[in-house]
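Only the coordinates and a few stated rules stand behind these numbers; no lab work does. Since this is a predicted model, take the numbers as computed values, not measurements. Cβ placement follows ideal geometry from the backbone for every residue including glycine, while neighbour counts extend to all protein chains displayed.
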Amino acid sequence: PETSSHWRPLIGKHALVTAGPTHEPIDPVRYLGNRSSGLQGYAIASALADLGAQVTLISGPTSLLAPSSVSLIRVETAQEMEAAVMSSLPADIAVCTAAVADWRVADPVSSKIKKQAGSPPPSLVLEANPDILARISRPGPMRPTLVVGFAAETDDVEANAIAKRQRKGCDWIVANDVSTGTNVMGGTENKVILITEDGVEHWPLMAKTTLALNLARRIALRFGAPALA
Ligand code: CTP
Ligand code: CA
């Protein structure tokens, strides 16, 4: 049988992948962030490139080396990530794996905040960040043909993910089951539920790299590639 390195069904397609956390500055030395490692997004970018896609990887701060087969745009904040995504359109495929900070500090300061003896700790005033996935999912001429979102859920993962797909307006949602103690955020394995226009699939626990290959193949099939024998 043919190996995947010869099966290049996504040649001619542009895929945009967001990955990693965002860092929202408090002052020049401090930020709000989260535990995302970027591993899943980098693996998906690499898998899509292996299938022939031209890939733009828009990454928040991570310690990962970008695959040489993708164009990397590094950003810090959610607002920078949004600007980079918008200026990278048009794309046929968008996969939003980034753990975008939901809020940023309303008024980051340019000087380091110093402790002051006897003063209470400073308070942070937050404001909402733009929702990048919801924005690119909106109908219009620049909307990618296939928009895939991710969701980290606990409790009723399936119901939450189905609701999130509706709310965001994306085509597919890959829901991380973070309630099963599988150490998804920062770990190397992932257990997901894939929600598409055709229904709900429960995928078993697998390496993030394997999940990336499976998702990239699913995307290729969605674009009409014949399945591998
Ligand atoms: N996302 C995004 N921009 C944001 C927040 C989220 O693009 N400002 C994307 C993520 O990349 C992911 C999806 O939206 O693909 C879902 O993120 P998630 O944090 O699970 O959803 P939220 O709508 O932020 O809901 P909540 O955190 O309250 O569950
Ligand atoms: Ca969120």
How large, in Å, is region 92-155 by the Kirkwood hydrodynamic radius built from its alpha-carbon pairs?
15.4
Considering only region 123-229, what is the antiparallel percent among its DSSP beta bridges, to the nearest 5?
60
189, 201 arranged by Cβ crowding within 10 Å, fewest neighbours leading
201, 189
With only helices counted (DSSP H, runs n ≥ 4, each -39500 (n - 2.57)), the per-residue ellipticity at 222 nm for the chain, to the nearest 500, works out to -7500 deg cm²/dmol
Before anything else, pin down the relative contact order of region 1-147: Cα pairs under 8 Å, at least 6 apart, normalised by residue count, whole percent.
28
How big is the equivalent ellipsoid of the chain along its three axes, where each semi-axis is √(5λ) from the Cα gyration tensor, reported in whole Å from largest to smallest?
33, 19, 17
Counting other beta carbons within 10 Å of each Cβ, put 32, 10, 64 in order, fewest first.
64, 32, 10
Which listed residue (146, 39, 202) has the Cα farthest towards the positive end of the charge dipole for the chain, taking +1 on Lys and Arg C-beta and -1 on Asp and Glu C-beta about the Cα centre?
39
Return the percentage of antiparallel bridges among DSSP beta bridges fully within the chain, rounded to the nearest 5 %.
40
In region 1-111 the DSSP beta bridges are antiparallel at a rate, in percent to nearest 5, of 15
